[in-house]
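Asker: Could you have a look at this structure, given as structure tokens, before my questions?
The values are calculated or read from the model by the stated rules, or taken from the named source; none is laboratory data. Note that this is a predicted model, so its numbers are computed, not measured. In this analysis, Cβ positions are derived from the backbone assuming ideal geometry, glycine residues included, and neighbour counts consider all displayed protein chains.
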Amino acid sequence: MSSSFELKRLDTGINGLDDILSGGLPAGQMYLLEGDPGTGKTTLAMQFILEGTRRGEKCLYITLSEPRSELELSMRSHGWDPADLPIAEFVPEEASLSAEQQYTVFHPSEVELAGTVEKLVSTLDDLQPDRLVVDSLSELRLLASDSMRYRRQLLALKQYFAGKSTTVLLLDDLTGNGRDLQLHSIAHGVIRLEKISRSYGATRRQIEIVKLRGSGYREGFHDYVIQRGGVMIFPRLIAAEHSESFEGERIASGLTELDAMFGGGIARGSSTLFTGPPGSGKSTVAMQFAFAAAARGQRSIFYTFDEVLRTAKDRARALGMDIDRELERGTLSMSQVDPAELSPGEFIHQIRSDVDEKGTRVVVIDSLNGLMNSMPGERDLVMHLHELLAYLNQKGVVTLMVLAQQGLVGTMHAQVDVSYLADTVVLLRYFESKGAIRQVICVLKQRVGAHERTLRELVFGSNAIEVGEPLVNFQGILTGVPQMLGGTEAGVDENAPHPEGGATSMFGAFASHDAL
């Protein structure tokens with residue numbers, strides 16, 4: 001027999017939190033919101049009350065730690081109207097408000113815990129609020145004569161609320177004995193806010209749902225920021241929740257020889273990694289694909305971590321890409337990302353917004369080295385990328401990633417090995433021929449469709465990118481000891497500004513494939 005029971009949920013006023021909570025907080029329960037000072041507990045609680053006020057519910061914010069003036073100042077800083085926050089202020093006698101005030105004023109300096117709880121219950125009986133915030137429990141701890149009495153009073157308070165329809169949010173700033181696991185057992189749900197200090201850059205903040213009885217929720221840590229307008233939470237991406245069908249096609253670069261290396265272009269719904277030493281042309285080739293797609297009307301976005309936008313735009317213009325036209329049309333977008341300020345969750349949220357709301361079809365991340373600098377470690381980068389690439393692939397997006405290897409010549413290695421995550425890996429290298437430095441490009445692997453297994457010279461001219469014919473007269477390039485087999489170099493333009501002919505000495509500019 002099927003049950004018609006449906007759990008009523010309350011919107012918290014924060015979209016990201018409602019997403020994590022699978023639709024909001026189950027109504028009529030008591031919840032614990034804990035975190036160190038400065039994590040945004042008060043701001044989040046205000047948003048919870050303001051959302052109830054907007055919905056016409058009876059709400060009450062009881063403050064035991066901050067005076068009303070500070071709460072109003074905080075509200076104005078977020079652009080909120082203080083009149084929308086009904087406050088009951090428990091303050092010492094010398095700080096009490098005048099009798100004309102419409103808010104209830106209590107004096108914890110004159111009563112002990114039992115008396116304070118009794119007055120609290122009396123207030124709630126009169127107002128019968130749908131939503132209640134108590135800020136904060138650390139003040140109640142100070143009023144209690146011992147920890148056992150404190151917990152018994154909280155348990156009695158929970159039993160009182162059990163017969164009501166009030167949804168209660170208890171704030172705890174952990175300034176006492178730290179996390180109280182017995183208090184966790186009393187609460188119906190526990191939400192934890194944390195600050196993560198870094199040696200440089202903005203402090204990272206994360207939220208975690210520790211428990212939520214009788215309801216599913218998104219586990220793990222989720223990044224959030226405190227900005228004007230309140231707390232903004234970025235739920236952890238789960239790629240399996242975003243599957244959709246799309247037509248298979250290939251995204252061409254507009255360069256015949258380059259597209260031939262990929263079997264006609266890069267497959268839609270796949271990821272490509274461009275790797276090589278700095279300056280070998282990784283970002284430029286990725287930009288060529290994004291620009292060509294934008295010129296065909298397929299929206300593309302270029303995220304740059306490592307260089308200012310002006311430099312990236314100037315380089316593209318110098319190679320004949322009319323990016324200003326596409327930027328004006330809105331088919332191309334370029335965004336500067338500061339890894340010291342932007343959290344990984346916020347960056348992934350930006351990509352999701354571009355894909356879901358603006359229909360972006362090509363995403364360039366330049367580079368993974370910069371993205372990694374915004375994360376605690378290599379393992380976090382791999383896990384974030386795994387979910388992000390799976391999500392973008394399922395959306396039919398072409399993802400182009402740039403990874404700079406350490407060193408310019410000789411044996412090279414990457415800061416992190418993500419080559420196995422990408423569907424396609426493109427290697428770029430320098431080589432020397434008759435005293436001139438040249439560049440070469442090859443496709444090492446491609447999961448979707450056949451691809452060339454040749455090396456081609458890559459030339460950045462005065463107004464174009466040129467890809468030569470396969471270098472069939474070379475051997476041993478990827479071993480680090482290239483040799484000419486005889487004859488002339490295939491695909492070399494005799495009118496090119498660099499020397500042509502046999503490369504009798506090469507200074508080890510090619511690392512072995514294992515260096516990936």
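Asker: Looking for whichever is in contact (Cβ under 8 Å) with a residue 60 or more places away in the chain and over 20 Å from residue 346 (Cα atoms) here; the options are 216, 248, 201. Which one fits?
Answerer: Just one listed residue meets the conditions, 216.
Asker: Taking the conditions exactly as written (of a type in the set (S, T, N, Q) and either crowded, with 21+ Cβ neighbours inside 10 Å or closer than 30 Å to residue 459 by Cβ (or both)), does residue 227 satisfy them or not?
Answerer: no
Asker: Having 3 or more residues that are in the same structural domain as residue 453 (by TED's automatic domain parsing) and under 25 Å from residue 394 (Cβ atoms) is the bar; report the strands (runs of 3 or more DSSP E) wholly within region 205-304 that clear it.
Answerer: Those strands (runs of 3 or more DSSP E) span 271-276, 300-304.
Asker: Let me ask something else about it. Can you tell me which residue among 28, 23, 56 is farther than 25 Å from residue 236 by Cα and either assigned to a helix (DSSP H, G or I) or in contact (Cβ under 8 Å) with a residue 12 or more places away in the chain (or both)?
Answerer: Only one candidate qualifies: 28.
Asker: I've got another one for you. Looking at (1) within 30 Å of the chain's Cα centre (by Cα); (2) closer than 20 Å to residue 173 by Cβ; (3) among the charged types (D, E, K, R), which is the one condition that is false for residue 70?
Answerer: (1)
Asker: Shifting gears a bit: Could you list, ordered by first residue, the pairs with Cβ atoms under 6 Å in which the first is in region 352-367 and under 20 Å from residue 329 (Cβ atoms) and the second is of a type in the set (S, T, N, Q), at least 6 apart or interchain?
Answerer: 354/360; 361/298; 362/300; 363/399
Asker: With respect to residue 308, is the statement that it is free of Cβ contacts under 8 Å to residues at least 40 places away in the same chain, of a type outside the set (S, T, N, Q), touching a Phe, Trp or Tyr at 6+ places or on another chain (Cβ under 8 Å) and assigned by TED's automatic domain parsing to the domain that holds residue 261 true?
Answerer: No: the conditions fail for residue 308.
Asker: Quick one: in region 425-474, which of the residues that are basic (Lys, Arg) and touching a strand residue (DSSP E or B) at 6+ places or on another chain (Cβ under 9 Å) is modelled with the lowest pLDDT?
Answerer: Checking each candidate, the answer is 438.
Asker: Turning to a different aspect of this structure: Tell me yes or no: at least one residue of region 60-80 is in a strand (DSSP E or B), over 13 Å from residue 131 (Cα atoms), assigned by TED's automatic domain parsing to the domain that holds residue 161 and of a type outside the set (Phe, Trp, Tyr).
Answerer: yes
Asker: Take the residues in region 306-329 that are assigned to a helix (DSSP H, G or I) and hydrophobic (A, V, I, L, M, F, W, C); name whichever of them is surrounded by the fewest Cβ atoms within 10 Å (Cβ to Cβ).
Answerer: Out of the qualifying residues, it is 309.
Asker: Exactly one of these conditions fails for residue 252: (1) under 25 Å from the mean Cα position of the chain (by Cα); (2) crowded, with 16+ Cβ neighbours inside 10 Å; (3) closer than 30 Å to residue 444 by Cα. Give me its number.
Answerer: Only one criterion is unmet by residue 252, namely (1).
Asker: Take the conditions more than 17 Å from residue 137 (Cα to Cα) and crowded, with 21+ Cβ neighbours inside 10 Å and apply them to residue 64. Does it pass?
Answerer: Here the answer is no, as residue 64 does not meet what is asked.
Asker: I'm trying to understand the selection: among the residues of region 6-18, which are over 19 Å from residue 196 (Cβ atoms), buried (at least 17 other Cβ atoms within 10 Å of the Cβ) and not hydrophobic (A, V, I, L, M, F, W, C)?
Answerer: Answer for region 6-18, where residues must be over 19 Å from residue 196 (Cβ atoms), buried (at least 17 other Cβ atoms within 10 Å of the Cβ) and not hydrophobic (A, V, I, L, M, F, W, C): 11, 12, 13, 18.
Asker: Is it true that some residue in region 135-151 is under 24 Å from residue 11 (Cβ atoms) and not in a helix (DSSP H, G or I)? First the steps, then the outcome.
Answerer: To start, the set of residues in region 135-151 that are under 24 Å from residue 11 (Cβ atoms) comprises 135-136.
After this cut, where a residue has to be not in a helix (DSSP H, G or I) as well, the list is 135-136.
Within region 135-151, one or more residues are under 24 Å from residue 11 (Cβ atoms) and not in a helix (DSSP H, G or I).
Asker: Checking the condition within 23 Å of residue 57 (Cα to Cα) and under 30 Å from the mean Cα position of the chain (by Cα), which residue from 216, 229, 163 passes?
Answerer: Result of the check over 216, 229, 163: 229.
Asker: Let me ask something additional. Among residues belonging to region 36-49 that are at pLDDT 95 or above and small (Gly, Ala, Ser), point out the one that is surrounded by the fewest Cβ atoms within 10 Å (Cβ to Cβ).
Answerer: Result: 40.
Asker: Looking at (1) of a type in the set (Ser, Thr, Tyr); (2) in contact with a strand residue (DSSP E or B) (Cβ under 9 Å, 6 or more places away or on another chain); (3) over 19 Å from residue 221 (Cα atoms), which is the one condition that is false for residue 69?
Answerer: The one condition residue 69 does not meet is (2).
Asker: Out of 281, 264, 297, I need the residue that is small (Gly, Ala, Ser), on the phi > 0 side of the Ramachandran plot and out of contact with any strand residue (DSSP E or B) (no Cβ under 8 Å at 6 or more places or on another chain). Which one?
Answerer: When all the criteria are applied, what remains is 297.
Asker: Every residue in region 380-406 that is outside any helix (DSSP H, G or I), modelled with pLDDT of 90 or more and farther than 16 Å from residue 344 by Cα, please. Can you show your working first?
Answerer: If we filter region 380-406 for residues that are outside any helix (DSSP H, G or I), which is where we start, we get 395-406.
Next, only the ones that are modelled with pLDDT of 90 or more stay: 395-404.
Answer for region 380-406, where residues must be outside any helix (DSSP H, G or I), modelled with pLDDT of 90 or more and farther than 16 Å from residue 344 by Cα: 395, 396, 397, 398, 399, 400, 402, 403, 404.
Asker: Tell me, yes or no, whether region 19-35 has at least one residue that is touching a Phe, Trp or Tyr at 6+ places or on another chain (Cβ under 6 Å) and surrounded by fewer than 18 Cβ atoms within 10 Å (Cβ to Cβ).
Answerer: yes
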